[in-house]
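Dumping the structure here so I can ask a few things about it.
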Amino acid sequence: MLESHADLVAHLREEGRLVQDRVRDAYLAVDRKHFVDTSTPRGFIYVDSPMPIGNEQTISAPHMHAACLDLLADQLHPGAAALDVGSGSGYLTAVMGRLVSPGGHVIGVEKWPDLAERSVNSIRASQPELLAGEAPTVTIKAGDALGGILEDSDAQYDAIHVGAAAASMPEKLVKKLAPGGRMIIPVGGQHDFQTLQCVDKTLDGQIREQPLMFVRYVPLVESK
Ligand code: SAH
């Protein structure tokens, strides 16, 4: 039985996840209890599975958060710019915020305004320093990540995590990768398993895609 966040982190480590100590420490600092729905029974908070967070959405399973953090660990260095598309509960956004500190920045984009607001409250409860100051480490934007919300700037990102499944590879997001950057994104049909894809942009701008594993995510809603 996983009864505390520390138990969960120990379990993930036993499974060979959260490989780098700095990633383990960042994950350990962000307790899952602040990010699951308040109605979640105590015995379920640290179970390694997705949990409902409202609006028919889920906080991803801890092992998927851990897998994506391990894959993005080198890009999530202090000072890095990162993007969390479909940031939902805000859990991964907060861990990413710790990893890019000091000096870095993470933007979480969540389609549902009430989930976006809830995630800000969760981050404030767990990691208030990530939201503090004139240039906070973490910013949550409510809106459609594929629908223009990211197009108001030419910013590019060292690390992009996409927490919902795209029907096909979104070129808009590939363009947002900085040279040397990496994106982890599930791609595939809504009613199937999808493939978690690793997209690397080389320093001279070439794109390399690598399929990693089959996964099951809620759909990334494409704007019409
Ligand atoms: N990593 C998050 C995953 C949440 S589920 C977590 O563990 O909490 C995926 C989220 O993507 C949902 O909250 C959903 O509302 C959001 N989403 C789906 N399509 C989107 C889009 N086009 N733009 C922004 N967010 C989107």
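We did not get these values from a lab; they are worked out from the coordinates using the rules stated. Keep in mind it's a predicted model, so treat the numbers as computed, not measured. In this analysis, Cβ positions are derived from the backbone assuming ideal geometry, glycine residues included, and neighbour counts consider all displayed protein chains.
Anyone know which of 135, 94, 145 comes out most mobile in the 10 Å Cα GNM of the chain?
Top of the fluctuation ranking is 135.
Give the percent of DSSP beta bridges with both residues in segment 1-140 that are antiparallel, rounded to the nearest 5.
25
From the phi of every residue in segment 160-165, what ³J(HN,Hα) in whole Hz does the Karplus formula 6.51 cos²θ - 1.76 cosθ + 1.60 yield, where θ is phi - 60° and glycine or proline is x?
My calculation for segment 160-165 gives 10, 10, 10, x, 9, 7 Hz in order.
If each of residue 131 and residue 210 carries a label point 7 Å out from its Cα toward its Cβ, how far apart are those two points in nm?
With each label point 7 Å from Cα toward Cβ, the separation is 3.7 nm.
In addition: Expressed in nm to one decimal, what extension gain is obtained for the pair residue 202 and residue 154 from 0.36 nm per residue of sequence separation less their Cα-Cα distance?
Values: separation 48, 0.36 × 48 = 17.28 nm, distance 1.84 nm.
Taking 0.36 nm per residue and subtracting the Cα distance, the gain is 15.4 nm.
Local charge sum around residue 198 (other residues, Cβ-Cβ under 9 Å, Lys/Arg +1, Asp/Glu -1)?
With Lys, Arg at +1 and Asp, Glu at -1, the net is 0.
May I ask you to list the GluC sites (Glu not before Pro) in segment 149-224 that are in a DSSP loop and have at most 15 other Cβ atoms within 10 Å of their Cβ?
For GluC sites (Glu not before Pro) across segment 149-224 that sit outside H, G, I, E and B with at most 15 neighbouring Cβ atoms in 10 Å, the list reads 151, 222.
Which of rounded, prolate or oblate describes the chain when judged by the alpha-carbon gyration tensor and an a/c cut-off of 1.5?
In terms of gyration-tensor shape, rounded.
List every residue whose amide H lies under 5 Å from the amide H of residue 218, counting only residues 5 or more places away in sequence or on a different chain, with H placed 1.01 Å from N in the peptide plane.
Placed amide hydrogens put 165 under 5 Å from residue 218.
While we're looking at this one, here's another question. State the extension gain, in nm to one decimal, for the chain segment bounded by residue 3 and residue 19, taking 0.36 nm per residue of separation less the distance between their alpha-carbons.
Stretched out fully, the residue 3 to residue 19 stretch lengthens by 3.6 nm.
From the residues 188, 146, 160, which one has its Cα farthest along the dipole of segment 110-219 in the positive direction, the dipole being from +1 and -1 charges on Cβ of Lys/Arg and Asp/Glu about the Cα centre?
Highest projection toward the positive end goes to 188.
Please report the relative contact order for the chain, taking Cα pairs under 8 Å with a sequence separation of at least 6, and give it as a percent rounded to a whole number. Don't skip to the end; give the middle numbers.
Details: 469 pairs, mean separation 33.8, N = 224.
So the answer I get is 15 percent.
What are the ³J(HN,Hα) couplings of segment 55-62, residue after residue, when phi is run through the Karplus curve with 6.51, -1.76, 1.60 and θ = phi - 60°? Round to Hz, x for glycine and proline.
For segment 55-62, the Karplus curve yields 6, 6, 10, 10, 7, 4, 5, x Hz.
Now for a different question. Given a Förster radius of 22 Å and the C-beta distance between residue 33 and residue 55 as r, what FRET efficiency does 1/(1 + (r/R0)^6) yield to the nearest 0.05?
0.65
Sticking with this structure for a sec: Across segment 194-211, in residue order, what do the Karplus-derived ³J(HN,Hα) couplings come to in whole Hz, using 6.51 cos²θ - 1.76 cosθ + 1.60 with θ = phi - 60° and x for Gly and Pro?
10, 9, 6, 10, 9, 10, 10, 9, 6, 4, 9, x, 7, 9, 10, 10, 9, x
Once you've got the Cα coordinates, tell me which of 33/172; 111/176; 172/201; 33/201; 111/201 are over 24 Å apart.
Numbers: 33/172 34 Å; 111/176 18 Å; 172/201 14 Å; 33/201 35 Å; 111/201 26 Å.
The pairs that break the limit, which is 24 Å between Cα atoms, are 33/172; 33/201; 111/201.
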